[in-house]
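Q: I have a structure I would like to understand better, so I am pasting it below and will then ask my questions one at a time.
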Amino acid sequence: MTGILFLEQALNGLQFGLMLFLLAAGLTLVFGIMDMINLAHGSLYMVGAYLVAAATTASGSFWIGLGAGIVGAAVFGVLLELTVLRRLYTRDHLSQVLGTFAILLMCNEAVRFIWGSQPVLLSPPDSLAGPVELLSGFYYPAYRLLIIGVGLVVALGLWGLITRTRIGMQLRAGASNREMALAMGVPVRALFTALFGLGAALCAVAGGLLGPLLAVQVGMGESILILAFVVIVIGGIGSVRGALLGALLVGVVDTAGRTLIPLLFGAVLGPAAADNAGPAVASILIYVLMAAVLFFKPRGLFPAHG
Amino acid sequence: MKHTVPFALLRRTFFAAAVSTVLAVPALAADNVKIGLLSTLSGPGAGLGIDIRDGFQLAVKLNGGKLGGLPAEVIVADDQASPDVGRQTADRLVKRDKVDFMTGVVFSNVMLAVGAPTFAAKTFYISANAGPSQYAGAQCNPYFFSASWQNDNQHEAVGKTVADKGFKRVALIAPNYPAGKDALAGFKRFYTGGEIVSESYTPLNLLDYGAELSKLRAAKPDAVYIFLPGGLGINFIKQFVGAGLSKDMTLFGPGFSGDEDVIKAVGNPMLGMFNTSQWAHDLDNAANKKFVAAFEKEYGRLPTLYASQGYDAAQLIGAAVRDSKGKLDDKAAVHKALKAAKFDSVRGSFKFNSNQFPIQDYYLRVITQDSKGRVTNRTLGTVFKNHGDAYAADCKMPGL
């Protein structure tokens, strides 16, 4: 029985970690290459989720909604980069934090204005609403399996793009040494607009897929943005490989902590104390992990800068 | 600065004297009644507050914009389910807007923050939902009336039902906040003859129940009791069914976890879920039939118990305004009128206990398909008759 509990938790952790990776991948490239702190990254996630929900309601199909939402979010990301964010690249971090925080607030208010302050309902497609029997006697929600599948495919594609293509090479070059890359003639501006569109599309994939599981609501980007920053700090800023590893670590630690810590405390302290202390300790665990990583590797696990 | 304390004392005495002089003047009838409706209108709990608001405003509308004969001015505000925001807004409503009554708070942690400034301003609070055990027991207050139920009550009724139906192994889940603790305490008070295999307190904003569900799978209870209001319950039930657990264990909830808003969001997977409530849309009394029909006509959906509580809170205020002859400054007269609660409640007959919480019946409902093919609640029977709460004995009601 405990075996199944572990297995299920591992899958939950994998699912959560992969979704975090989709968010962290775009964030870490922007941070790594342009040295730009983008607090509005979570807003792309929120806008993506709302667009998916709206398109799903309009079309009646989750898949069409997901596709339309991803395209819509990519367009939104590109427009945001062209109009506002590119003006912030040359400014110091404080201006970037203030500027992108303002965008975050404006996105929240705009979404509230358009869709109202109640959460918007998004349901998984009927074919995926039930469980799947993975091993005999072990059922796992089909929809979570889909998230894992999509997450793996996107992670693989992104890895291919970064390590196997010319664009990827230029991105990596930019992340390692921006001045040198510029001097070697990398079209950083155009690359950047494209990168933003890609980052926004990844956010929308995460938002659209997590929407039916969680809730599509105003402010949903903030809580997950903090975790995305934790991920890129653990992984090493600018590194996609680091982001993947960091995301999986955070996903597994967060999920496992929520189940295992109360179990562990329960054995030692009794159930009442475990229920009070367990969730609190579990939520601290991620930050303990971050502190430990930074203590031994101050630049993260796979820093992009040499 | 040594003179500060005596001076402050002197000033307070002077003001107290001045205030009592004002009170000695016979109160005049007010020309309108102002109500501060502070509720949760955004975030995962928004559906709850919106139903309270809609129920309340329906009662005002059906009375031609009046309550108890006076034109009613309802100031609606959002507490964002945050005790901080709730407290600040309540402060503004009682001090700047000088409302005559406060109502509307959904969540008990917000209620405990809103209570202090409201009682200090000697403003009557008519609860349309939150019924924390604190205000039912040791911290009971003459300015607090519950038009709904004490937090434990619905859970006590489920506890008794689960025990009566012979479930031997039960798992409990509630959010980690005052009402969550009250809820599980209430359940356990009446659940006898079985074992509680696990008891989980989750963060109040938790939306992904993956970890809790795998714990359930490992613990193998035969019944699961959830106290998860609003969006939390919607997410839990969807994920519970998605994980395939509904085949192995029977799901129980308080009335609000099996209410029309949750059914609308979750749909068919809710079929067969048992829940208990002090009210149901098919309760057979004239006031309720009028309310349900009017609510459906006005808003195009079935009312939830939150809507019924908002509606009854408005009716209670109306009765108090009417019976105190509109003299809203005469706190003793308003208090007496509130306590008598002379109105036709949609839940049927009820009266106030010594702690100003209701003594009323609780019903068992099940989610089925009705004759029109809609998935909705059907009342099965009565769990408790004339049921009060466990805290009334601790309440030494202070004077006004």
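Q: What pairs come out if I take residues in the range A:60-77 that are open to solvent by less than 40 Å² (accessible area, probe 1.4 Å) and pair them with residues that are not in a helix (DSSP H, G or I) whose C-beta lies under 6 Å away, six or more apart or interchain?
A: From residues that are open to solvent by less than 40 Å² (accessible area, probe 1.4 Å), the pairs are A:62/A:125.
Q: Output the qualifying pairs, or none if there are none: Cβ atoms under 6 angstrom, residues six or more apart or on different chains, first residue in the range A:36-55 and without any contact (Cβ under 8 Å) to a residue 24 or more places away in the chain, second residue surrounded by fewer than 24 Cβ atoms within 10 Å (Cβ to Cβ).
A: Qualifying pairs under 6 Å: A:55/A:65; A:55/A:68.
Q: Out of the residues in the range B:173-197 that are outside any helix (DSSP H, G or I) and under 20 Å from residue B:235 (Cα atoms), state the one that is farthest from the other protein chains (Cβ to nearest Cβ). Walk me through it before giving the result.
A: Taking the range B:173-197 first, the residues outside any helix (DSSP H, G or I) are B:173-177, B:191-197.
With under 20 Å from residue B:235 (Cα atoms) added as a condition, the list becomes B:173-177.
Values: B:173: 10, B:174: 10, B:175: 10, B:176: 7, B:177: 12 Å.
Of everything passing the filter in the range B:173-197, B:177 is farthest from the other protein chains (Cβ to nearest Cβ).
Q: Test residue A:144 against the criterion of being under 30 Å from residue B:48 (Cα atoms) and surrounded by 14 or more Cβ atoms within 10 Å (Cβ to Cβ), and give yes or no. Steps first, please.
A: Working: under 30 Å from residue B:48 (Cα atoms): yes; surrounded by 14 or more Cβ atoms within 10 Å (Cβ to Cβ): yes.
Spelling it out, residue A:144 is indeed under 30 Å from residue B:48 (Cα atoms) and surrounded by 14 or more Cβ atoms within 10 Å (Cβ to Cβ).
Q: While we're here: Taking the stated definitions as given, is residue A:216 under 30 Å from residue B:264 (Cβ atoms), among the hydrophobic types (A, V, I, L, M, F, W, C), without any contact (Cβ under 8 Å) to a residue 40 or more places away in the chain and open to solvent by less than 60 Å² (accessible area, probe 1.4 Å)?
A: On the way: under 30 Å from residue B:264 (Cβ atoms): yes; among the hydrophobic types (A, V, I, L, M, F, W, C): yes; without any contact (Cβ under 8 Å) to a residue 40 or more places away in the chain: no; open to solvent by less than 60 Å² (accessible area, probe 1.4 Å): yes.
The answer is no for residue A:216.
Q: From the list B:218, B:211, B:243, which one is within 14 Å of another protein chain (Cβ to nearest Cβ) and open to solvent by 10 Å² or more (accessible area, probe 1.4 Å)?
A: Working: B:211 fails: open to solvent by 10 Å² or more (accessible area, probe 1.4 Å); B:243 fails: open to solvent by 10 Å² or more (accessible area, probe 1.4 Å).
Exactly one residue qualifies, and that residue is B:218.
Q: Out of B:399, B:318, B:388, B:348, I need the residue that is over 21 Å from the mean Cα position of the chain (by Cα) and of a type outside the set (S, T, N, Q). Which one?
A: Details: B:318 fails: over 21 Å from the mean Cα position of the chain (by Cα); B:388 fails: over 21 Å from the mean Cα position of the chain (by Cα); B:348 fails: over 21 Å from the mean Cα position of the chain (by Cα).
Going through B:399, B:318, B:388, B:348 in turn, just one is over 21 Å from the mean Cα position of the chain (by Cα) and of a type outside the set (S, T, N, Q): B:399.
Q: For residues that are among the β-branched types (Val, Ile, Thr) and assigned to a helix (DSSP H, G or I), scanning just the range B:59-114, find the one that is surrounded by the fewest Cβ atoms within 10 Å (Cβ to Cβ). I'd like the intermediate steps shown before the answer.
A: Within the range B:59-114, the first condition is being among the β-branched types (Val, Ile, Thr), and the residues that meet it are B:60, B:74-76, B:85, B:89, B:94, B:99, B:103, B:105-106, B:110, B:114.
This time we only want the ones that are assigned to a helix (DSSP H, G or I), so: B:60, B:85, B:89, B:94, B:110, B:114.
On the way: B:60: 22, B:85: 18, B:89: 21, B:94: 22, B:110: 29, B:114: 29.
In this case the residue turns out to be B:85.
Q: Moving to a separate point now. What are the pairs, 6+ residues apart or on separate chains, where a residue within the range A:1-13 that is facing chain B (nearest Cβ under 7 Å) has its Cβ under 6 Å from a residue that is not in a helix (DSSP H, G or I)?
A: A:4/A:138
Q: Could you tell me whether residue A:81 is open to solvent by less than 50 Å² (accessible area, probe 1.4 Å), acidic (Asp, Glu), within 14 Å of another protein chain (Cβ to nearest Cβ) and at negative phi? Steps first, please.
A: Numbers: open to solvent by less than 50 Å² (accessible area, probe 1.4 Å): yes; acidic (Asp, Glu): yes; within 14 Å of another protein chain (Cβ to nearest Cβ): no; at negative phi: yes.
When the stated conditions are applied, residue A:81 does not pass them.
Q: Right, next: Take the range B:142-172 and flag every residue that is part of a loop (DSSP other than H, G, I, E, B) and either within 14 Å of chain A (Cβ to nearest Cβ) or in contact with a Leu (Cβ under 7 Å, 6 or more places away or on another chain) (or both).
A: Restricting attention to the range B:142-172, the residues satisfying the condition of being part of a loop (DSSP other than H, G, I, E, B) are B:142-143, B:147-152, B:165-168.
Matches in the range B:142-172: B:142, B:147.
Q: Right, here's the next one. Of all residues in the range A:97-131, count the ones that are surrounded by 16 or more Cβ atoms within 10 Å (Cβ to Cβ) and within 10 Å of chain B (Cβ to nearest Cβ).
A: As a first pass, look at the range A:97-131 and keep what is surrounded by 16 or more Cβ atoms within 10 Å (Cβ to Cβ): A:99-100, A:103-104, A:107-108, A:111, A:115, A:117-125, A:128-131.
Right, trim to within 10 Å of chain B (Cβ to nearest Cβ) and you get A:117-119, A:121, A:123-124, A:128-131.
Summing the residues that are surrounded by 16 or more Cβ atoms within 10 Å (Cβ to Cβ) and within 10 Å of chain B (Cβ to nearest Cβ) in the range A:97-131 gives 10.
Q: Another question, then. Which helices (runs of 4 or more DSSP H) does the range A:1-92 wholly contain that include 1 or more residues that are in contact with an Asp or Glu (Cβ under 7 Å, 6 or more places away or on another chain) and among the aromatic types (Phe, Trp, Tyr)? Quick ask: steps written out before the conclusion?
A: Details: elements: A:2-34, A:41-59, A:62-83.
Hits in the range A:1-92: A:2-34.
Q: Something else now. Looking at the range A:31-48, which of its residues are open to solvent by less than 20 Å² (accessible area, probe 1.4 Å) and touching a Leu at 6+ places or on another chain (Cβ under 7 Å)?
A: A:33, A:36, A:38, A:40, A:41, A:42, A:43, A:45
Q: Would you mind listing the helices (runs of 4 or more DSSP H) fully within the range A:127-201 where at least 3 residues are among the small types (Gly, Ala, Ser)?
A: Values: elements: A:142-164, A:166-176, A:178-183.
Per the criteria, A:142-164, A:166-176.
Q: Give me a count of the residues in the range A:210-226 that are more than 14 Å from chain B (Cβ to nearest Cβ) and under 13 Å from residue A:16 (Cα atoms).
A: Total meeting the criteria: 0.
Q: To continue, here is another question. Quick one: residue B:359 ticks every box in (1) in contact with a Phe, Trp or Tyr (Cβ under 9 Å, 6 or more places away or on another chain); (2) open to solvent by less than 20 Å² (accessible area, probe 1.4 Å); (3) modelled with pLDDT of 95 or more bar one, so which box is it?
A: (2)
Q: Please state which one of B:238, B:264 is crowded, with 23+ Cβ neighbours inside 10 Å and within 11 Å of another protein chain (Cβ to nearest Cβ).
A: Working: B:264 fails: crowded, with 23+ Cβ neighbours inside 10 Å.
From the options B:238, B:264, the qualifying one is B:238.
Q: Consider residue B:347 carefully, then state whether it is under 26 Å from residue B:60 (Cβ atoms), crowded, with 23+ Cβ neighbours inside 10 Å and touching a residue at least 60 places away in the same chain (Cβ under 8 Å). Give the derivation first.
A: Working: under 26 Å from residue B:60 (Cβ atoms): yes; crowded, with 23+ Cβ neighbours inside 10 Å: yes; touching a residue at least 60 places away in the same chain (Cβ under 8 Å): yes.
Yes; evaluated as a whole, the condition is true for this residue.
Q: Let me ask something additional. Take the residues in the range B:26-44 that are within 12 Å of another protein chain (Cβ to nearest Cβ) and open to solvent by 10 Å² or more (accessible area, probe 1.4 Å); name whichever of them is nearest to residue B:127 (Cα to Cα).
A: Filtering the range B:26-44 for residues that are within 12 Å of another protein chain (Cβ to nearest Cβ) and open to solvent by 10 Å² or more (accessible area, probe 1.4 Å), the one nearest to residue B:127 (Cα to Cα) comes out as B:41.
Q: In this structure, does residue A:205 turn out to be away from chain B (no Cβ under 14 Å), touching a residue at least 60 places away in the same chain (Cβ under 8 Å) and more than 15 Å from the chain's Cα centre (by Cα)? Spell out the reasoning first.
A: Values: away from chain B (no Cβ under 14 Å): yes; touching a residue at least 60 places away in the same chain (Cβ under 8 Å): yes; more than 15 Å from the chain's Cα centre (by Cα): no.
Taking the combined requirement at face value, the residue does not satisfy it.
Q: Looking at residue A:207 and the list (1) crowded, with 17+ Cβ neighbours inside 10 Å; (2) farther than 28 Å from residue A:16 by Cβ, which single condition is not satisfied?
A: Residue A:207 satisfies all of (1) crowded, with 17+ Cβ neighbours inside 10 Å; (2) farther than 28 Å from residue A:16 by Cβ except (2).
The values are calculated or read from the model by the stated rules, or taken from the named source; none is laboratory data. Just so it is clear, the structure is predicted and the values come from calculations on it, not from any experiment. Every residue, glycine as well, gets a Cβ built from its backbone with ideal geometry; the counts of neighbours run over all protein chains shown. To get the accessible areas, we keep the full protein, side chains included, count just its heavy atoms, and leave off ligands, DNA and RNA. Shrake-Rupley method; radii C 1.70, N 1.55, O 1.52, S 1.80 Å.
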